[in-house]
1. Rg (Å, one decimal) plus Dmax (Å, integer) for the alpha carbons of segment 52-170?
2. I'd like the distance separating the alpha-carbon centroids of segment 187-237 and segment 105-139, in whole Å.
3. Please list, ordered by chain and number, the residues whose modelled amide H lies under 5 Å from the amide H of residue 165; skip anything fewer than 5 residues away on the same chain.
4. Return one quarter of the surface area of the convex hull spanned by the alpha-carbon atoms of segment 102-184, equal to its mean projected area, in nm².
5. Greater than 29 Å separation of Cα atoms is the criterion. Which listed pairs, 48/98; 75/189; 126/181; 52/120, meet it?
6. At a threshold of 8 angstrom on Cα-Cα distance, excluding pairs fewer than six apart, so keeping six or more, what relative contact order does segment 84-154 reach in percent?
7. Rolling a 1.4 Å sphere over the protein heavy atoms, what is the accessible area per residue of segment 138-217, to the nearest Å²?
8. Among the trypsin sites (Lys or Arg not before Pro) within segment 82-143, which fall in a DSSP loop and have no more than 12 other Cβ atoms within 10 Å of their own Cβ?
Amino acid sequence: MRIYFLSRRKLILLLTFLITLGGLLTINLLTLTIPSLVRTPGTYYMAKTQEKVVALTFDDGPDPVDTPDILNILKEKDVRATFFVLGKAAESNPAILKRLVKEGHEIGNHGFTHDYQQRKLVEEIKQTDQAVFTATGTHTYFYRPPGGLVSKTQMEATKRNGHVVALWSVDSKDWRNPGVKQIIDNVMKNVFPGAIILMHDGGYQRTQTVKSLEPILNALKAAGYRFVTLSELRTLDSDLK
């Protein structure tokens with residue numbers, strides 16, 4: 001058996017490499033967290049119903065380019081959705097928030113800065129709610145944590161602040177930009193009555209989301225589904241009646 005000895009210089013270089021690698025992995029976990037489909041107890045991720053209804057939700061907007069394109073499609077198809085807005089983006093695009101409310105959509109709260117760790121959870125919820133109220137005169141009721149990550153403590157704090165933690169049960173995976181066909185398949189192969197569908201209208205370029213939206217709406221309507229906001233979905237939930 002050979003025994004290898006590292007010089008002090010090589011040992012320092014090796015340790016530096018390992019520390020850097022660990023740091024990069026930590027950054028990836030914190031900033032590029034893959035949305036989870038874990039059905040966390042105490043969160044709202046689906047409705048128990050036999051009716052063929054679904055709630056279409058969009059995260060990370062409003063975006064000055066992609067959100068209006070999405071709204072145009074929804075208006076043409078007479079579909080209402082729930083938009084989980086970031087406070088930072090909301091402050092920059094108040095006109096889009098006004099349009100959301102005017103056209104019958106619901107506005108949810110996605111925090112202010114998309115901080116996966118939610119270090120200032122309640123503060124960010126309040127900041128975003130204030131941005132929405134300033135633009136529309138309405139308050140947010142649902143809160144969706146960035147990445148769908150929420151601890152028991154964070155969930156309790158959110159509830160004390162008067163918000164319902166809302167996740168999802170069907171992930172379009174449009175955040176991966178996997179291609180229009182794949183986004184459509186991800187929704188259609190997993191949809192069911194009472195499902196909450198996750199899509200995005202901001203954060204990055206959402207061209208694929210925009211292109212996939214109309215085919216998804218057409219396919220779901222052809223399958224007998226109708227679309228409701230999250231608040232409307234809860235009224236149809238047999239567990240909450």
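The values are calculated or read from the model by the stated rules, or taken from the named source; none is laboratory data. Model, not experiment: these values are computed from the prediction. Glycine gets a Cβ as well: all are built from the backbone with ideal geometry, and neighbour counts include every protein chain shown. Just the protein is used for accessible areas: all its heavy atoms, side chains included, with ligands, DNA and RNA removed. Shrake-Rupley method; radii C 1.70, N 1.55, O 1.52, S 1.80 Å.
1. 13.6, 42
2. First find each Cα centre; the distance between them is then 22 Å.
3. Those lying under 5 Å, H to H, from residue 165 are 44, 143.
4. About 6.7 nm², averaged over all directions.
5. In this structure, 48/98; 126/181; 52/120 exceed 29 Å between Cα atoms.
6. Computed over segment 84-154, the figure is 39 percent.
7. 40
8. Sites meeting the loop and neighbour criteria: 119.
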